[in-house]
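The values are calculated or read from the model by the stated rules, or taken from the named source; none is laboratory data. All values reported here derive from a predicted model rather than from experimental measurement. In this analysis, Cβ positions are derived from the backbone assuming ideal geometry, glycine residues included, and neighbour counts consider all displayed protein chains. Quick note on the areas: whole protein, heavy atoms, side chains included, nothing else; ligands and nucleic acids left out. Shrake-Rupley method; radii C 1.70, N 1.55, O 1.52, S 1.80 Å.
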Amino acid sequence: MTIPDLDDLIAEVDRTCATAHRPGGQEQPDWLALLTTAADLAGRLQALADDLVEDYVEHCRMHGCSWTDIGTALGVTRQAVQQRFHAPHKRYGPETMSEELRQAMTHVKRAAVQHRNNYIGTEHLLWGLTAEDNSATRLLSAAGASPETLHRAVGDRLSMGASQAAERIAWTPYSRKAIALAEELAEERSEERSEEAGSAHIDCDHLLLGLARIGRGVAATVLDEAGLSAETLSAAANPAESQATYAP
């Protein structure tokens with residue numbers, strides 16, 4: 001893997017900034033527009049770097065490493081690393097999920113255990129969501145995709161690891177973000193139906209949309225290769241709303 005250097009990043013900013021060069025061939029580009037684009041790119045790179053470190057911190061904790069050892073590895077004090085990473089991530093128990101999603105989660109964990117992976121990534125989530133009929137597979141069908149084809153495609157991306165930790169398997173940052181987005185979507189749908197606050201259950205289609213919306217990870221890559229963007233899936237999930245949006 002080649003890490004981009006500063007020249008590469010500058011070239012990317014120049015390429016992606018739509019207003020970098022003023023019309024008429026003026027010499028001076030729009031420096032403020034370039035600065036805005038550079039700041040956005042730097043933010044995305046920083047978020048990705050934070051996710052990378054956070055993922056490995058969680059694995060270290062899961063395998064018995066102390067906060068002192070983790071701090072030493074990162075070159076900071078135990079107190080500093082605890083302040084940054086100790087906040088517990090929200091856990092999603094069966095009571096927060098629909099019956100279909102609980103069933104899909106058994107396939108998710110089975111995929112991780114059978115492949116001896118010590119993490120649950122977006123690929124495991126998509127594999128579990130497409131293992132049998134549920135609201136996610138029905139949404140995929142409505143979007144014109146074959147759930148079986150996607151199931152095979154993501155299955156090809158599952159790699160064999162060497163973990164023996166079958167009981168407690170950590171979720172990767174992207175997976176946690178996907179289910180957090182799914183929870184938000186479930187709550188939005190619940191509010192639209194005027195249901196009691198806190199009564200929403202996360203369903204398979206919510207998690208599928210969450211995987212598409214984060215735009216990163218193996219699941220997002222598989223969905224993108226199948227032509228399934230977050231917008232495409234959202235339109236299939238809300239056909240009436242989509243038709244109203246694009247009505248002439």
Residues with amide H under 5 Å from that of residue 97, placed H, sequence gap 5 or more: 202
Over region 37-149 - Rg/Rh using Cα atoms and the Kirkwood inverse-distance radius: 1.08
Alpha-carbon centroids, region 103-124 and region 47-71: separation in whole Å: 20
Residue of 29, 147, 173 that the Gaussian network model of the chain assigns the largest fluctuation, springs spanning Cα pairs under 10 Å: 29
Principal axis dimensions, the chain - Cα atoms, whole angstrom, descending: 62, 61, 39
Those Cys residues of the chain for which no other cysteine Cβ falls under 4.7 Å: 17, 204
Candidates 51, 203, 14: whichever shows maximal mean-square fluctuation once the chain is modelled as a Gaussian network with Cα springs under 10 Å: 14
Å² per residue, accessible surface of the chain at 1.4 Å: 59
Using a Förster distance of 41 Å, the FRET efficiency for residue 65-residue 19 (Cβ separation, nearest 0.05): 0.30
DSSP H segments from the chain that extend 18 Å or more along their own axis, Cα-based, with Kyte-Doolittle mean of 0.0 or above: 31-62
Residue 107 accessible area, assembled protein chains, probe 1.4 Å, Å²: 30
Stretch gain in nm, segment residue 116-residue 46, where the contour uses 0.36 nm per residue and the Cα spacing is subtracted: 22.2 nm
Among 225, 99, 12, residue whose mean-square fluctuation peaks in a GNM of the chain (springs only between Cα atoms under 10 Å): 12
Computed magnitude of the charge dipole of the chain (debye, nearest 20; Cβ of K, R +1, Cβ of D, E -1): 800
For the chain, with +1 on Lys and Arg beta carbons and -1 on Asp and Glu, the positive-most of 131, 162, 151 along the dipole: 162
